[in-house]
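What follows is a single structure, written as structure tokens, with notes after it.
The values are calculated or read from the model by the stated rules, or taken from the named source; none is laboratory data. For clarity, every value in this text was computed on a predicted model and none was experimentally measured. As a convention, Cβ positions derive from the backbone with ideal geometry for all residues, glycine included, and neighbour counts pool all protein chains shown. All accessible areas refer to the heavy atoms of the entire protein, side chains included, with ligands and DNA or RNA removed. Shrake-Rupley method; radii C 1.70, N 1.55, O 1.52, S 1.80 Å.
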Amino acid sequence: MTMPRTPEPEVMDDPKAAEAYAEADFSESNQAFVDNFIKAFPECSGKRVLDLGCGPADIPIRLAQADSKISITAVDASKAMIELAQKAILKSGVAARVLLHQGRLPGLMLQTDGFDAVVSNSILHHIPDPADFWYEVKRLGKRGAGVWVLDLARPDSPDDAQAIVETYSADEHQLLKDDFYNSLLAAYTIDEVNAQLKEAELHETLEAVMVSDRHWAVAGRLPLDV
Ligand SMILES: C[S@@+](CC[C@H](N)C(=O)[O-])C[C@H]1O[C@@H](n2cnc3c(N)ncnc32)[C@H](O)[C@@H]1O
């Protein structure tokens with residue numbers, strides 16, 4: 001039997017936790033996220049990309065550095081994260097093409113059909129009703145927009161979750177290890193994500209597939225007739 005989800009707080013608004021998250025080294029996985037997006041969606045070069053749940057904005061900054069013409073709207077509900085993101089963007093030299101927006105989905109005050117691609121890393125497991133997330137992806141992306149969403153997959157048991165934490169984060173700060181463990185317990189399984197896509201009527205063009213022992217990815221395009 002699948003282990004039930006244990007939800008975790010939605011918005012990461014504790015300044016200490018946000019800072020610990022921003023200081024963690026996700027450079028390898030974040031650069032891979034950006035490189036894979038660029039490889040999968042070359043037509044998005046120079047276009048408008050939306051990042052849902054950008055945290056400290058490491059991914060939007062890397063994306064703007066990798067494509068000198070792309071522009072990114074980076075959204076997060078957490079004031080603490082937006083402040084960290086603001087500092088990082090100013091330091092990065094790409095501030096002209098990374099626009100920050102503090103807002104909580106669903107119902108973001110952003111233009112419907114306004115984006116050529118929607119990307120998101122590690123936020124779905126924070127969202128209590130995942131339909132809210134897929135609704136925003138569908139509403140804010142243009143018809144045929146690229147979709148590149150990645151998150152953790154919930155393991156079968158708490159012991160499996162603990163083993164994953166020890167395998168990949170043994171030397172990290174305890175706050176981060178706890179956060180990782182709680183995120184694994186809050187994550188959606190691949191079957192749950194595919195059911196969400198079906199419910200959102202996105203399943204004909206989008207599918208979740210496992211891309212590592214602990215992550216799934218949804219890569220594809222929004223339907224042309226949404
Ligand atoms: C684990 S962090 C991931 C940050 C970033 N995407 C990354 O890969 O480093 C999840 C982020 O989603 C944000 N978040 C959670 N629920 C949200 C919502 N409903 N609307 C906007 N942001 C949300 C949290 O505040 C947090 O910054």
Matching residues, segment 154-191, being buried (at least 17 other Cβ atoms within 10 Å of the Cβ), in a loop (DSSP other than H, G, I, E, B) and out of contact with any Leu (no Cβ under 8 Å at 6 or more places or on another chain): THR189
Pair list, Cβ under 7 Å, 6 or more apart: segment 37-48 residue in contact (Cβ under 8 Å) with a residue 12 or more places away in the chain, other residue open to solvent by 50 Å² or more (accessible area, probe 1.4 Å) and in a helix (DSSP H, G or I): ILE38/ALA66
Residues being near the ligand (Cβ under 9 Å from one of its atoms), under 13 Å from VAL118 (Cβ atoms) and in contact with an Asp or Glu (Cβ under 8 Å, 6 or more places away or on another chain) - total across segment 48-59: 4
Condition met for ALA96 (more than 13 Å from the ligand (Cβ to nearest atom) and farther than 27 Å from LEU224 by Cα): yes
Conditions (1) closer than 21 Å to ILE59 by Cα; (2) more than 14 Å from the chain's Cα centre (by Cα); number of the one not met by SER183: (2)
Residue check for VAL118: outside any helix (DSSP H, G or I) and within 15 Å of the ligand (Cβ to nearest atom): yes
Test: residue in segment 112-125 that is more than 18 Å from the chain's Cα centre (by Cα), closer than 20 Å to GLY220 by Cα and among the small types (Gly, Ala, Ser): yes
Residue in segment 34-47 that is within 12 Å of the ligand (Cβ to nearest atom), outside any strand (DSSP E or B), at pLDDT 95 or above and surrounded by 17 or more Cβ atoms within 10 Å (Cβ to Cβ) present: yes
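Residues checked against (1) touching an Asp or Glu at 6+ places or on another chain (Cβ under 8 Å); (2) within 16 Å of the ligand (Cβ to nearest atom); (3) aromatic (Phe, Trp, Tyr):
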position: VAL137; (1), (2), (3): no, yes, no
position: LYS142; (1), (2), (3): yes, no, no
position: VAL149; (1), (2), (3): no, yes, no
position: LEU152; (1), (2), (3): no, yes, no
position: ASP160; (1), (2), (3): no, no, no
position: SER183; (1), (2), (3): yes, yes, no
position: ALA187; (1), (2), (3): yes, yes, no
Number of positions in segment 1-30 that are under 20 Å from ALA153 (Cα atoms) and open to solvent by 40 Å² or more (accessible area, probe 1.4 Å): 13
